[in-house]
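Scroll down for the structure; my scribbles are underneath it.
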Amino acid sequence: MSLVDGLGLALAGRLERTNLRLEAGTLTCLVGPNGSGKTSLLHALAGIGRSSGGTLINGEDLRRTSPARRAALATYLPASRDLRWPLHPRDLIALGGASPEQIDDYAALLELDGIEPRTVDHLSTGERSRVLIARALAPRPKLLLLDEPTANLDPLWQIRLMDVVRAEVAQADRAAVVAMHDLDAARRYADRLIVMSKGAIAADGGPDQVMGSGVIREVFGIERDGSHWRAAAEPVRPSADRRSSP
Amino acid sequence: MRHGVILSVGVLALLGFAASLLLPWSSLQALLAADRDLGLTFLLELRLPRAALALVYGAMLGSAGAAIQALFGNPLASPDLTGTTSGAALGAVVTAYIIGAASSFAMAIGAVAGALASLLLLIGLAGRRAETATLLLAGLAISALAGALTTLALALAPSPFAFYDAYSWLMGSLIDRSLPQLGFAAVPAAVAILWLARLAGPLDRLALGEEVAESLGHDLGRLRLQIICLSALGVGACVAICGAIGFIGLVAPIFARRLTGGHAGRAILPAAAIGALLLILADLASRFAPLGRTLPIGVVTALVGAPFFLWLVARMRWGMAR
């Protein structure tokens, strides 16, 4: 049995009905243009808002579990770094359901000790991002759902964060789905790469396999030029069948 | 240490309540000396409702303010600035003067309905997580509309004395209320305060954003509905008995969050204690007004609260909002 079973995931007008099965120990990267449904898929997996369907984690239905149990099963990091109240970083991380020991571990891992005396409204955007990431990681959930976790981070922290996520899912019984825009980083870190387009999965497979197919050019309108990406030479008309598999 | 401070605020509020019962001591002492029964009646039927209403109404405004601020994620959302108290006043006036049901019970029902309508209108106008400007503008619009409709209702009322009658009540007054009237305010307020306090956990976690709170398994639609209904119930019942009293619901939660490390949900009970203390102090101040007359208590809270509000807006303007 796989670790996570997303069944009939859908969000009206934003995500077509999708089934998604995730194996333990895998890091899945989710790429796609703006508005392609990455966040909607994460929302549906996390059971947020009007999304429908169900997420079974080790056979346990996420939507039917109590708030006290949820953080041990799945946590979600939204793309927004907005916060409502000027809390201290440790208090904020504790709101996510982590124990004091877990908070200590992840505060050390993400080097939050230096920023601790300040409240979150006095942190830089990057520092605030690390606090919010610690909030999502610290309860050590079975399933990590991260929406653009590397946004606002400097290059060193982008690398360190993805290394941390890699190490987290390398442990037994855990998996992560990470939405991101950096295709090269996605290829480097992912065990599995999913390309979203127009609210549906356009391609799903090993990163090299997916990146080697024409789907990136078709979905994003960009193509490889040596070591970097460039806009595709000819205007790209996505084919009628956007579910074309690699 | 924070728990100690919160407890001290509660104790201070109770001391204020006792002081409010006994002060001015001279008149009570004179009455008790002259006629013990009369003195006790004076204490029970005049002083007690007034002191208890200050306690209950202040606590209600504080806790509703804290819950509404936590819900909107905005330190300027309070029962008065969002138009809830004006909506409640309109509901009570229409019930009493247009429909002609002037009993405390009927007015309380009218006020709760008015408060509920204004809160629902606010969410419709300003959205669920409102920016400060939108929230204040929508609240201002609702207050202005409710105020105008209240005046209109009084002008159209069959009774020619409606304006005169309603004036001191509309300015907020705790004086000359009976024990049954105390009950009409206190029972719904107590239910609302205790229920709101039970929502502290989800409201705290709302600090992480709506998406995260939902991913943690909280039903935000239900949470929102509970806060709106409980605030309308408690504030509406208090407004029906004592009229509209401003600024307590704005100020108390701001102080309360300082005691809870910025946590908005668990500030509900401390805000209730601070609100009770503030309204009792305002009532005591209005009693010892040097004019030889009694000031309407709503005037006292506005005289202290409005400058505080301006200071708060200035702080937000410079990006130091708490």
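A few comments on the model shown:
- Threshold 50 Å², the range B:183-219 residues less accessible with all protein chains present than alone (1.4 Å probe): B:A207, B:L208, B:E211, B:V212, B:E214, B:S215, B:L216
- For B:F309, B:F255, B:F72, the ranking by accessible surface with the largest value first comes to B:F255, B:F309, B:F72, using a 1.4 Å probe.
- Compared with its chain on its own, the range A:75-96 contains the following residues whose accessible area drops by 20 Å² or more in the full protein assembly (probe 1.4 Å; ligands, DNA and RNA excluded): A:Y76, A:P78, A:D82, A:L83, A:R84, A:W85, A:P86, A:L87, A:D91, A:L95.
- In this view, the solvent-accessible surface of A:L7, computed with a 1.4 Å probe and all protein chains in place, comes to about 90 Å².
- For the range B:2-317, the fraction of 1.4 Å probe accessible surface lying on carbon and sulfur atoms is 72 percent.
- Ligands, DNA and RNA aside, A:K142 has an accessible area near 60 Å² when probed at 1.4 Å.
- Taking a point 7 Å out from the Cα of B:S168 in the direction of its Cβ, the residues of the range B:30-48 whose backbone N falls within less than 16 Å of it are B:46-47.
- With a Förster radius of 30 Å applied to the beta-carbon distance between A:R50 and A:E223, the computed FRET efficiency rounds to 0.25.
- Cα extents of chain B along the three principal axes, largest first (Å): 66, 53, 35
- Carbon and sulfur %, accessible surface of chain A computed with the full protein complex present, 1.4 Å: 49 percent
- Relative intensity, log₁₀ I(q)/I(0), of chain A from a Debye sum that treats every alpha carbon as a point, q = 0.10, 0.15 Å⁻¹: -0.48, -1.06
- Protein-only accessible surface at a 1.4 angstrom probe places the residues A:W229, B:W311, B:W169 in the order B:W311, A:W229, B:W169, largest first.
- Separation of the B:A141 and B:V304 label points, Cα + 7 Å toward Cβ, nm: 3.4 nm
- Two-site label geometry, B:A106 and A:A72: point separation in nm, points 7 Å out along Cα→Cβ: 5.7 nm
- Take every DSSP beta bridge whose two residues both sit in the protein assembly as shown; close to 55 percent of them are antiparallel.
- Put simply, chains A and B cover up around 2400 Å² of each other's accessible surface, both sides summed, when a 1.4 Å probe is used.
- The range A:114-231 - charge dipole about Cα centre, Lys and Arg +1 at Cβ, Asp and Glu -1, debye rounded to 20: 180 debye
- For A:A74, distant residues with modelled amide H under 5 Å away: A:K142, A:L143
- Ranked from largest to smallest solvent-accessible area, with a 1.4 Å probe on the protein heavy atoms, B:Y97, B:Y167 come out as B:Y167, B:Y97.
- Selection from B:L90, A:H88, B:G305 lying farthest towards where the dipole of the protein assembly as shown points positive, charges on Cβ: B:L90
- Per residue of chain B, the DSSP helices (runs of n ≥ 4 H) give a summed -39500 (n - 2.57) that works out to -24500 deg cm²/dmol at 222 nm.
- Exposure of A:L123 as accessible area (Å², to 10), given a probe of 1.4 Å and all protein chains: 10 Å²
- Residues losing 30 Å² or more accessible surface upon assembly, the range B:246-283, compared with the chain by itself, 1.4 Å: B:G261, B:G262, B:H263
- Counted as membrane-span-like here are DSSP H helices of chain B whose alpha-carbon atoms extend 27 Å or more along the helix's own axis and whose Kyte-Doolittle mean is -1.0 or above; these are B:2-22, B:48-72, B:104-126, B:132-156, B:179-198, B:220-242, B:268-287, B:297-317.
- Radius of gyration over Kirkwood radius for the range B:1-145, both on Cα atoms: the Rg/Rh ratio is 1.11.
- Chain B: most fluctuating residue of B:S178, B:S26, B:S159 per GNM, C-alpha cutoff 10 Å: B:S26
- Stretched out straight at 0.36 nm per residue, the stretch from A:A151 to A:A79 would grow longer than its current Cα-Cα span by 25.1 nm.
- Per residue, the solvent-accessible area of chain B (1.4 Å probe, heavy atoms of protein chains only, all protein chains present) comes to 42 Å².
The values are calculated or read from the model by the stated rules, or taken from the named source; none is laboratory data. Not measured: the values here are computed from a predicted model. Heads up, the Cβs are rebuilt from the backbone with ideal geometry, glycines too, and the neighbour counts pull from every protein chain shown. Ligands, DNA and RNA are excluded from the accessible area calculation, which covers all protein heavy atoms including side chains. Shrake-Rupley method; radii C 1.70, N 1.55, O 1.52, S 1.80 Å.
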